[in-house]
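Here the structure is laid out as C-alpha cells; the discussion comes afterwards.
The values are calculated or read from the model by the stated rules, or taken from the named source; none is laboratory data. Note that the coordinates shown come from a computational prediction; the quantities given were computed from them, not determined experimentally. Backbone-built Cβ (ideal geometry, glycine too); neighbour counts: all protein chains shown. To get the accessible areas, we keep the full protein, side chains included, count just its heavy atoms, and leave off ligands, DNA and RNA. Shrake-Rupley method; radii C 1.70, N 1.55, O 1.52, S 1.80 Å.
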Amino acid sequence: MRRIEIFDTTLRDGEQSPGVALNADEKLQIARQLTKLGVNVIEAGFPIASPGDLEGVRRIAQEVKDVSVAALARANAKDIECAWEALSGGEAPRIHTFIATSPIHMRYKLQKSPQEVLELAVQAVRLAKSKVADVEFSAEDASRSEVDYLASVFTEVIKAGATVLNIPDTVGYATPEEYGSFLRAVMTRTIGIEKVKVSVHCHNDLGLAVANTLAAVGVGVHQLECTVNGIGERAGNAALEELIMALHTRRDQFGVDTSIVTTEIARTSQLVSRLSGMMIQHNKAIVGKNAFAHESGIHQDGVLKERSTYEIMVPSLIGVDAESIILGKHSGRHAVHQRFAEIGLNLDESQFEEVFSRFKLLADRKREVTTADLFSLADVQTEKVDPIHLDYLQVSSGTHILPTATVRLMYNGQRLEDAACGDGPVDAAFKAVDKVLGTKGKLTHYSLQALDGGEDAQGEVAVTVKFGENLVGGRGVSTDIIEASVLGYLQAVNRAFERGWITVREKNEG
Ligand code: KIV
Ligand code: ZN
C-alpha cells in the first residue's frame, strides 16, 4: 500500500485559533505526544511571530527526536533567518516558506505583481535551501489561484531547491471534486513535479476540510497537513483523527496507509484539548464524548447482538478502553500507578508522588476517579510553572444576597488577597482576581461541562479572556465549579502574564 505522510500543524496553525496560547513547556509536551502518535512532520511554530514562538520551536527542534521539525517563514530573509535560528541544532529541520499566489491576495494584500511574487518565492526558497536540505514552499490561497501561474511558480521553486510543494485551500472555499481536478491540473503543468512531494492543507470554513483532503489522496499527493481536534484559524484545519480513521476504516476506497499509531489518538486529543483550553464538542467525530455512545434502544439492542450493526470502528482502535480497575478512595499506590501506565502516562517518581496526593484529595470528594480525572490530575508540569496560583477562595451567593468572593493568590512568594462583588459568584471571583492583581480581563467566552458522567463528576471550565487587544484561553477542573472557573481564569492570566500582555501588581498580604 502507498504510504502517505502526516504533517501536523497543531502547534502552528492550531495555535493560531483565537484564545489559544501555549507556552514552550506545553508545546514540548504536545510535540512529544505527537511523536508517540507517529506523525512524520511537526510544524512547531512561526518563530518570527514572537520570542515565545521562537523558543518553543528551538526546544522542540533540539529535544524531540525521530521526527522532522518544521518552522514557518514568510518569503523574506528576516523570517527565514529567524526560522533557521530556531531550527539549527535539530535532527531533521524543515523550513516552510510561503507567499500568496491568488489574484485577490497579490493585488490587495501584497500589492505586488505576479512576476514580483514569483521572484520573491524563488529567492525565499533559495535562501532557505542554503540553510537546510528540506524546504517546503506553500502557495497561500492556492485554490483561488490561476492554474498556469501557480504551475509556473512551482516550476521555478523546484529549480530553486524546494523539496515539498504545498497547495493549500487557505480560506476553505474549495469543494472536493473541484479541488481534486485543480490539484491534477496544477500537478500536470508543473515541470519537475516528480522530484518533489506534493502536500495539501485545507481549512474548514465550509466544513469540507477533511473531505477536500481526502479528495487529494485520490489524486496521489504525498503529504496531508492537519491538526489534532481540527483546531486552527477561524473554523480550523482538517482534523487529524478524522483523516486517519477515514483512511483506516475505508482503506478499501483510499488504498493508502500512514505511520500513525491509532491507539494514541484519544490521548493526543485529550492532551491538546486540555492544554489549548479548547473543549471538544460532544458529537465530534472520532474523539467526541458521544462518538461511540449508543442511546436509542434499537441501536443498543443491535450493538449487543452484533457490534458491527451500528459500529464501524471499535473504540479500542483509537485508545479508548474499558477501564479495567475502578479507582476510588481505597485504591493504593500500586493500583493508581498501574492505571497511569495503562493509559500511557509515565510519570517519574516525584511527579507520581505529587499526583498521588492530589488523587487522594480528589477521591475524598468523589466516589470514582475516572480516566478523564487521571489525565487532568497528571497535568502537573503545566501547573507547576504558573507563577500566579490560587491559595484560597471563599464565595457567598444565594437568592437574596449580593454575590461576593474573597480570593487569595500566591505570587512571587507573597500572599495577595482581596474581595469583590459581582453579578454572580463566578463574576465576583473573577473580579476579585483582577482586583488582587490590578488586571482587567474581559470574559469573552465561558463554558462549563462535566468531565465525564456521574453526579459527582468534576466540572471542567473553559474561558477566553481579552486583555487589551489580546485574547487568551484557560481551563480549570475541580469538583467545585466556582473553583474550576477561577483556575481557568488564572490559567488565562498566567498565559497573558508570560507573554507580557499584562503586568501584575505586587503588594503585601491584604
Ligand atoms: O492556510 C494556509 O495557507 C497556511 C499556509 C501558511 C500554509 O496556513
Ligand atoms: Zn492554514
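Show the residue pairs meeting these rules: Cβ distance below 6 Å; 6+ apart or different chains; first residue within the stretch 170-183 and of a type outside the set (D, E, K, R); second residue modelled with pLDDT under 95 and away from ligand 1 (no atom under 16 Å from the Cβ). Cβ pairs passing all conditions: none. Candidates are the residues of the stretch 154-208 that are on the phi > 0 side of the Ramachandran plot and surrounded by fewer than 22 Cβ atoms within 10 Å (Cβ to Cβ); the one that is nearest to ligand 1 (Cβ to nearest atom) is GLY207. The combined condition, being buried (at least 24 other Cβ atoms within 10 Å of the Cβ) and away from ligand 1 (no atom under 16 Å from the Cβ), is fulfilled by LEU22. ALA293 passes every criterion in (1) open to solvent by 20 Å² or more (accessible area, probe 1.4 Å); (2) modelled with pLDDT of 90 or more; (3) not hydroxyl-bearing (Ser, Thr, Tyr) apart from (2). VAL64 falls short of the stated requirement of being crowded, with 22+ Cβ neighbours inside 10 Å and more than 25 Å from VAL493 (Cβ to Cβ).
Among the residues that make up the stretch 74-81, is at least one of them within 16 Å of ligand 2 (Cβ to nearest atom), open to solvent by 30 Å² or more (accessible area, probe 1.4 Å) and among the basic types (Lys, Arg)? There is at least one residue in the stretch 74-81 that is within 16 Å of ligand 2 (Cβ to nearest atom), open to solvent by 30 Å² or more (accessible area, probe 1.4 Å) and among the basic types (Lys, Arg). Here VAL186 meets each of (1) part of a helix (DSSP H, G or I); (2) closer than 30 Å to VAL477 by Cα with one exception, condition (2). Tallying residues that are surrounded by fewer than 20 Cβ atoms within 10 Å (Cβ to Cβ) and part of a helix (DSSP H, G or I) within the stretch 97-117 yields 9.
A residue that is open to solvent by less than 20 Å² (accessible area, probe 1.4 Å) and out of contact with any strand residue (DSSP E or B) (no Cβ under 9 Å at 6 or more places or on another chain) occurs nowhere in the stretch 454-476.
Would you check if LYS27 is in contact with a helix residue (DSSP H, G or I) (Cβ under 7 Å, 6 or more places away or on another chain), assigned by TED's automatic domain parsing to the domain that holds LEU87, surrounded by fewer than 23 Cβ atoms within 10 Å (Cβ to Cβ) and in a helix (DSSP H, G or I)? The answer is no for LYS27.
Within the option set GLY52, GLY56, GLY90, being surrounded by 23 or more Cβ atoms within 10 Å (Cβ to Cβ), assigned to a helix (DSSP H, G or I) and not aliphatic (A, V, I, L, M) holds for one residue only, GLY56.
Looking at ALA211, ALA151, ALA216, ALA235 in this structure, which one is part of a helix (DSSP H, G or I), open to solvent by 10 Å² or more (accessible area, probe 1.4 Å) and either more than 14 Å from ligand 1 (Cβ to nearest atom) or in the same structural domain as LYS129 (by TED's automatic domain parsing) (or both)? That would be ALA211, the only listed residue that is part of a helix (DSSP H, G or I), open to solvent by 10 Å² or more (accessible area, probe 1.4 Å) and either more than 14 Å from ligand 1 (Cβ to nearest atom) or in the same structural domain as LYS129 (by TED's automatic domain parsing) (or both).
Among the residues of the stretch 154-208, what is the count of those that are within 16 Å of ligand 2 (Cβ to nearest atom) and either of a type in the set (Phe, Trp, Tyr) or not assigned by TED's automatic domain parsing to the domain that holds THR10 (or both)? Summing the residues that are within 16 Å of ligand 2 (Cβ to nearest atom) and either of a type in the set (Phe, Trp, Tyr) or not assigned by TED's automatic domain parsing to the domain that holds THR10 (or both) in the stretch 154-208 gives 2.
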